[in-house]
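Novice: Following this message is one structure expressed as C-alpha cells.
What follows draws every value from the coordinates through simple rules; no lab data is involved. Everything numeric in this text was worked out from a predicted model, so none of it was measured. No Cβ is skipped: glycine too gets one built from the backbone with ideal geometry, and neighbour counts run over all protein chains shown.
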Amino acid sequence: MLGRARALGRKGSIPQIPLALICSSFLAALAYAQSVAAEARLIDLPQYKPQQIVAGTIRNFGFGLGGVLKVWEEGFQKIHPGIRFDDKLPTSDAAIPALVTGVADLAPDGGEATLTENLSFFEVYGYQVTDITVASGAFDVEGKSNGPVIFVHRDNPIARLTIKQLDGIFGSERTAGMRGFKWSPSDARGADQNIRTWGQVGLTGEWADKPIQTYGHAPSGTARFFQWKVLRNGDKWNPNFREYVESGSKMIADEDRAEQRLGLQYMLKNELANNRYGIAWTVMPQAKDVSGIKVIAVAPREGGAYVMPSKESFQDRTYPLVRSIYIFLNRAPGKPLDPKLREFLRYVLSREGQETVERNGSYLPLGTAVVQEQLQKLD
C-alpha cells in the first residue's frame with residue numbers, strides 16, 4: 001500500500017497546489033474576513049431616516065474627500081430630490097476661508113483647522129467654527145490624512161511609550177501651549193520633563209546613557225497634528241530634531257537630488273535603520289518595504305492601554321494618534337442648524353453614509369460612540 005501511494009505521488013495523482021495559488025487564496029480569505037468584520041462594526045450605526053424632507057441648495061467648498069463627498073450627495077438626493085449641490089472643491093486649504101467669507105454652507109476638510117483659520121473665523125463672527133468629524137484618517141493609504149506612527153531601530157528593546165514620554169522626547173520645555181487660538185499656560189512644562197537619553201524611559205545597560213536622536217516631518221498638516229496631540233500645540237522641539245518631507249511630495253524643491261536626502265523614506269532606510277539610538281514619527285506608507293526598523297505601541301496617558309498601530313486600532317480609534325476628517329460649518333451658538341444641512345450631515349453620519357466611506361477605501365468609517373457624539377452637535 002505504501003509503495004502504491006509513493007507511486008501515485010510520483011505519477012502526480014496527488015495534486016500539487018502552487019504556492020502562489022495558496023497565497024492568493026489566503027489573501028482573498030483575509031480580505032473577505034476583514035469585509036465581514038467591517039460590516040459587523042457598521043451594523044450598529046443608525047440607519048438614515050429623514051426627520052423632514054428638505055429642498056434647496058447646499059454650497060460645499062473645500063475638498064472632495066477622495067470622491068466620498070460626491071457619493072454622499074448622490075445618495076442623499078435619492079431621498080431628497082429637491083436638494084441641489086453647488087460644489088467648489090479645489091483643496092482643503094479653501095474650506096474654512098470659504099466659511100469666513102460667507103460663500104459656503106459646508107466646508108469639507110481633510111485635516112484640522114489651523115491657528116490662523118480658527119482665529120480669522122472668530123474675528124469675523126465672534127464664536128468658534130463648528131467641526132463635525134465625518135470619518136477617520138487612513139492607516140496605510142497614501143496621502144489620506146494618515147495618523148503618525150512611532151518607529152525605532154529594530155535592535156532597540158523599547159516596545160512602548162506614552163504620549164507624555166513622546167512629548168519629552170520630541171519636544172522641549174515651554175511656557176504654554178495653544179488651544180485653538182488661545183495661549184494656555186496650563187499646558188506649560190519644564191525642562192525637567194525633557195527626555196534626552198534612553199535610560200530616562202527605562203532602558204538599562206549599554207542603552208542607559210545613549211542620547212536619543214529624533215526624526216520626523218517638516219512643517220505640514222501631519223506635523224501640525226503631531227504638535228497638537230503630543231506637544232500640546234507648542235512650537236518648541238528637541239534641538240536635535242531632524243525634519244523630512246514625505247517622499248514624492250510637492251514640497252521637495254529639487255526632484256533630481258533633494259528627493260534622496262530630504263524624503264522620509266530616505267531617512268528611514270539610511271538614517272534610522274542605521275542608528276540604533278534614533279526614534280522617528282511618520283506615517284505607515286512612508287515605511288513601506290523599509291527593513292531595519294520597528295513600530296512601537298503608544299498609550300494616551302500613564303496607566304492607559306498601550307496600543308499598536310493597525311487598521312483595526314485606527315478604525316476603532318483606540319490608537320491615540322488617529323486623525324479625523326471634517327466637515328466644518330458656521331453655526332451661531334444657540335441658533336438651530338439649517339434643516340437641509342442637518343439632514344445631510346445626519347445622512348453622512350448614518351450607516352449608509354459610513355458604508356460609503358468603507359467602500360471607497362480612502363478613509364476609515366466611524367464607530368458608534370464617535371457618531372453619537374457628532375450627532376449631538378447637530379441638535
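Novice: So how many Å³ per residue does the convex hull of the Cα atoms of the chain work out to?
Specialist: Details: hull volume 83.3 nm³, N = 379.
Considering the Cα atoms of the chain, their hull volume per residue is 220 Å³.
Novice: Moving on. With contacts defined as alpha carbon pairs under 8 Å and 6 or more residues apart, what's the relative contact order of segment 149-315 in percent?
Specialist: Working: 289 pairs, mean separation 56.5, N = 167.
For segment 149-315, the relative contact order is 34 percent.
Novice: Run the dipole for segment 331-379 about the Cα centre, Lys and Arg Cβ at +1, Asp and Glu Cβ at -1, nothing else charged, and hand back the magnitude in debye, nearest 20.
Specialist: Details: 8 positive and 7 negative charges, 41 e Å.
Taking the Cα centre of segment 331-379 as origin, the dipole is about 200 debye.
Novice: Which aspartates and glutamates does Lys288 reach when only Cα atoms under 20 Å apart count, and residues fewer than 8 places away in its own chain are ignored?
Specialist: Straight-line reach from Lys288, under 20 Å: Asp140, Glu142, Asp155, Glu243, Glu246, Glu259, Glu271, Glu312.
Novice: Only four residue types carry charge here, +1 at the Cβ of Lys and Arg and -1 at the Cβ of Asp and Glu. Report the dipole size of segment 149-315 about the Cα centre in Debye, rounded to the nearest 20.
Specialist: Values: 23 positive and 18 negative charges, 86 e Å.
I would put it at about 420 debye.
Novice: Among Gly110, Gly102, Gly216, which one shows the biggest mean-square fluctuation in a GNM of the chain, springs joining Cα atoms closer than 10 Å?
Specialist: Taking springs between Cα atoms under 10 Å, the residue moving most is Gly102.
Novice: Report the relative contact order of the chain, percent, no decimals, based on alpha-carbon pairs under 8 angstrom and at least 6 residues apart. Kindly include the intermediate steps, with their values, before the conclusion.
Specialist: Numbers: 657 pairs, mean separation 94.8, N = 379.
Reported relative contact order: 25 percent.
Novice: What are the lysines whose alpha-carbon lies under 19 Å from the alpha-carbon of Lys164, with same-chain residues fewer than 8 places away excluded?
Specialist: Lys229, Lys236
Novice: Exposure proxy check: Asp87, Asp192, Asp235, Asp109 ranked by fewest other beta carbons within 10 Å? Kindly include the intermediate steps, with their values, before the conclusion.
Specialist: Numbers: Asp87 16, Asp192 7, Asp235 12, Asp109 27.
With the sparsest Cβ surroundings first, the list reads Asp192, Asp235, Asp87, Asp109.
Novice: Find how many whole Å separate the alpha carbon centroid of segment 148-170 from the alpha carbon centroid of segment 203-238.
Specialist: Comparing the Cα centres of segment 203-238 and segment 148-170, I get a distance of 9 Å.
Novice: Same structure, new question: For Lys288 paired with Ala218, estimate the spin-label separation in nm (one decimal), with each label point 7 Å from Cα along the Cα-to-Cβ line.
Specialist: 2.1
Novice: In segment 149-315, if the dipole is taken from +1 on Lys/Arg beta carbons and -1 on Asp/Glu beta carbons about the Cα centre, which of Gly177, Ile293, Ala223 is farthest to the positive end?
Specialist: Gly177
Novice: Charges only on Cβ, +1 for Lys and Arg, -1 for Asp and Glu: so what's the dipole of the chain about the Cα centre, in debye to the nearest 20? If you can, show how the numbers build up before the last one.
Specialist: On the way: 45 positive and 41 negative charges, 216 e Å.
The calculated dipole for the chain is roughly 1040 debye.
Novice: State which entries of Lys144/Lys311; Lys78/Lys335; Lys340/Lys377 exceed 22 angstrom in Cα-Cα distance in the structure shown.
Specialist: On the way: Lys144/Lys311 13 Å; Lys78/Lys335 28 Å; Lys340/Lys377 15 Å.
Checking Cα-Cα distances, Lys78/Lys335 exceed 22 Å.
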